[in-house]
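Asks: Have a look at this one.
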Amino acid sequence: MITPSKRDWKLYQEKIKEWQEHYMEKLVKEYADYLCSEIPASTKFWELEKRIKQDKRNPGVLIELSKSDMLWDIAGLIHRNVITIEELAEFSDELKEEVKLILQRSIE
């Protein structure tokens, strides 16, 4: 396992905000669509409350930034469909390869 470079770490700190904002925008649209459905209000209220509690634990919403966990966190973001592997284009080839290895190992 490589140690992320200073450049990759700085880029990650910049990108995570953008990735989370994009992911939360997606969640808000899903919530709005759900709230506009023909389901009874009480059901919508309690289901939405449950969903928000669950979504708050997703790294696409809340994540503790740690350089030592960065590779695992990026793999987790990809695994949870918060980002795609293509969104790592600006990162080093070494980082992309390590993330791909983590993802392959988690599938096997």
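The values are calculated or read from the model by the stated rules, or taken from the named source; none is laboratory data. The shown structure was predicted, so the numbers you read here are calculated from the model rather than taken from an experiment. Backbone-built Cβ (ideal geometry, glycine too); neighbour counts: all protein chains shown. Accessible surface is based on the protein model in full, side chains and every heavy atom, while ligands, DNA and RNA are left aside. Shrake-Rupley method; radii C 1.70, N 1.55, O 1.52, S 1.80 Å.
Asks: Here is a check on your reading of the model: is Ile83 in a helix (DSSP H, G or I), surrounded by 11 or more Cβ atoms within 10 Å (Cβ to Cβ) and not small (Gly, Ala, Ser)?
Replies: For Ile83, the condition - in a helix (DSSP H, G or I), surrounded by 11 or more Cβ atoms within 10 Å (Cβ to Cβ) and not small (Gly, Ala, Ser) - is not met.
Asks: Quick one: would you say Ala32 is within 19 Å of Met1 (Cβ to Cβ), without any contact (Cβ under 8 Å) to a residue 60 or more places away in the chain and among the small types (Gly, Ala, Ser)?
Replies: Numbers: within 19 Å of Met1 (Cβ to Cβ): no; without any contact (Cβ under 8 Å) to a residue 60 or more places away in the chain: yes; among the small types (Gly, Ala, Ser): yes.
Spelling it out, it is not the case that Ala32 is within 19 Å of Met1 (Cβ to Cβ), without any contact (Cβ under 8 Å) to a residue 60 or more places away in the chain and among the small types (Gly, Ala, Ser).
Asks: Looking at Leu77, Leu71, Leu48, Leu11, can you tell me which residue is farther than 30 Å from Ser92 by Cβ and assigned to a helix (DSSP H, G or I)? Step through it out loud before you land on a result.
Replies: Numbers: Leu77 fails: farther than 30 Å from Ser92 by Cβ; Leu71 fails: farther than 30 Å from Ser92 by Cβ; Leu11 fails: farther than 30 Å from Ser92 by Cβ.
None of the other options fit; the residue is Leu48.
Asks: Is at least one residue of region 92-102 in contact with a Lys or Arg (Cβ under 8 Å, 6 or more places away or on another chain) and not in a loop (DSSP other than H, G, I, E, B)? Give the steps one after another, and end with the answer.
Replies: To start, the set of residues in region 92-102 that are in contact with a Lys or Arg (Cβ under 8 Å, 6 or more places away or on another chain) comprises 92.
Narrowing further to those that are not in a loop (DSSP other than H, G, I, E, B): none.
Scanning region 92-102 turns up no residue that is in contact with a Lys or Arg (Cβ under 8 Å, 6 or more places away or on another chain) and not in a loop (DSSP other than H, G, I, E, B).
Asks: Determine, yes or no, whether Ser106 is part of a loop (DSSP other than H, G, I, E, B), open to solvent by less than 80 Å² (accessible area, probe 1.4 Å) and either modelled with pLDDT of 95 or more or among the small types (Gly, Ala, Ser) (or both). Lay out the reasoning, then the answer.
Replies: Values: part of a loop (DSSP other than H, G, I, E, B): no; open to solvent by less than 80 Å² (accessible area, probe 1.4 Å): yes; either modelled with pLDDT of 95 or more or among the small types (Gly, Ala, Ser) (or both): yes.
Here the answer is no, as Ser106 does not meet what is asked.
Asks: Any idea which of Ile74, Ile83, Ile63 is in contact with a Phe, Trp or Tyr (Cβ under 6 Å, 6 or more places away or on another chain) and at negative phi?
Replies: Result of the check over Ile74, Ile83, Ile63: Ile83.
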